[in-house]
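> Pasting in a structure now, in structure tokens, and then I'll have a few things to ask.
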């Protein structure tokens with residue numbers, strides 16, 4: 001019994017010694033835990049102080065809607081849903097027969113217009129040469145007519161002046177001779193009756209009187225002829241004037257015909273314009289024909305295919321959509337209070353929920369307005385029921401390295417931007 005009591009006493013002494021040691025260890029552990037928490041808090045503060053994050057972010061991409069530009073019946077659909085296609089690869093073919101007929105008609109119209117243009121171009125030099133020759137000939141004829149008129153005028157003047165004057169002088173001279181011969185004959189008659197002169201002498205006077213009378217008649221006829229000739233030459237002047245007038249009219253007509261060259265040239269211009277119109281129509285018809293084969297405008301994946309062979313389609317009708325998965329970005333909606341230090345070009349990390357991995361990117365730009373302001377029905381704060389709510393502003397983040405991950409539009413991601421503060 002005393003031994004038991006002694007053992008109990010020793011145990012109590014041991015507990016009294018161990019209790020202060022245990023309290024010291026607990027206090028040390030607590031202080032260590034507080035130090036770890038302080039270190040973790042300091043690290044977290046220093047680490048997250050230079051970055052902003054949001055889980056309100058989605059992958060975006062260009063969504064290319066495929067639609068026909070012409071109406072028609074679909075003959076072939078060459079792709080399937082979710083098929084990868086390359087730019088320029090045919091997707092759908094529309095029946096081209098109607099458009100091929102239009103192309104053939106346009107080609108025929110081009111040939112016809114070019115033929116008319118060739119004809120018009122050939123006519124221009126021919127008309128030019130013909131009208132030029134006509135003008136030259138008419139001018140020459142006018143010159144000849146005017147020269148003939150001048151000669152006729154000279155001849156008429158000569159006939160009406162010197163010729164008539166000479167003939168009249170000759171008549172007067174012959175008249176004087178005749179009068180003297182007749183007077184001599186009259187004086188010789190009584191002398192013959194008295195036999196003072198011989199019959200032979202008297203016959204000489206009779207012959208002289210007859211000769212003088214005959215010469216007078218000749219001179220008078222010559223005067224009449226000269227006067228008639230003067231009238232003829234005056235008429236020739238009138239005829240020459242008429243020929244000059246005709247030649248002048250011919251020259252004017254030839255000069256008027258020269259204007260046909262301008263008309264032909266204008267027709268050539270019209271024919272050239274007709275050729276250009278026909279060629280433009282042909283180009284339009286060929287363009288329409290090319291639209292019968294619908295090709296992929298970009299590389300991407302076919303989505304929402306809604307066209308089948310035999311279907312009649314109309315311009316603008318949606319046939320399918322192509323998503324270019326190689327050109328995607330992230331639209332992250334950050335709170336307005338997070339964007340004070342965000343700038344274009346800052347590094348970003350994108351956490352992809354689908355893969356549980358992150359990819360690298362950088363800030364491209366910040367939207368010019370909040371998402372609510374750009375919505376279909378923006379809030380109206382002037383009603384008096386205003387409640388201040390932190391707004392979100394879209395930030396466009398470009399993906400630099402995907403690490404082999406495929407990002408599809410609409411996927412949820414987390415975005416972190418390193419502001420460097």
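The values are calculated or read from the model by the stated rules, or taken from the named source; none is laboratory data. These numbers come from a predicted model, not from an experiment. All Cβ positions, glycine included, derive from the backbone under ideal geometry; neighbour counts span all protein chains shown.
> Scan the range 324-339 for residues that are surrounded by 13 or more Cβ atoms within 10 Å (Cβ to Cβ) and more than 30 Å from residue 86 (Cβ to Cβ) and jot them down.
332, 333, 334, 335, 338, 339, listed by residue number.
> Go through the residues of the range 223-237 one by one and say whether even a single one is surrounded by 13 or more Cβ atoms within 10 Å (Cβ to Cβ) and assigned to a strand (DSSP E or B).
Within the range 223-237, none of the residues are surrounded by 13 or more Cβ atoms within 10 Å (Cβ to Cβ) and assigned to a strand (DSSP E or B).
> Within the range 180-200, can you find the residues that are without any contact (Cβ under 8 Å) to a residue 12 or more places away in the chain and closer than 22 Å to residue 219 by Cβ?
Within the range 180-200, 183, 186 meet the criteria.
> Of the residues 153, 157, 121, only one is within 30 Å of residue 286 (Cβ to Cβ), out of contact with any strand residue (DSSP E or B) (no Cβ under 9 Å at 6 or more places or on another chain), at pLDDT below 80 and part of a helix (DSSP H, G or I); which?
Unique residue meeting the criteria: 121.
> Can you tell me which residues in the range 99-119 are in contact with a helix residue (DSSP H, G or I) (Cβ under 6 Å, 6 or more places away or on another chain) and under 10 Å from residue 275 (Cβ atoms)?
Result: 109, 110, 113, 114, 116, 117.
> Can you name every residue in the range 302-316 that is loosely packed, with under 15 Cβ neighbours inside 10 Å and under 36 Å from the mean Cα position of the chain (by Cα)?
Within the range 302-316, 312, 314, 315, 316 qualify.
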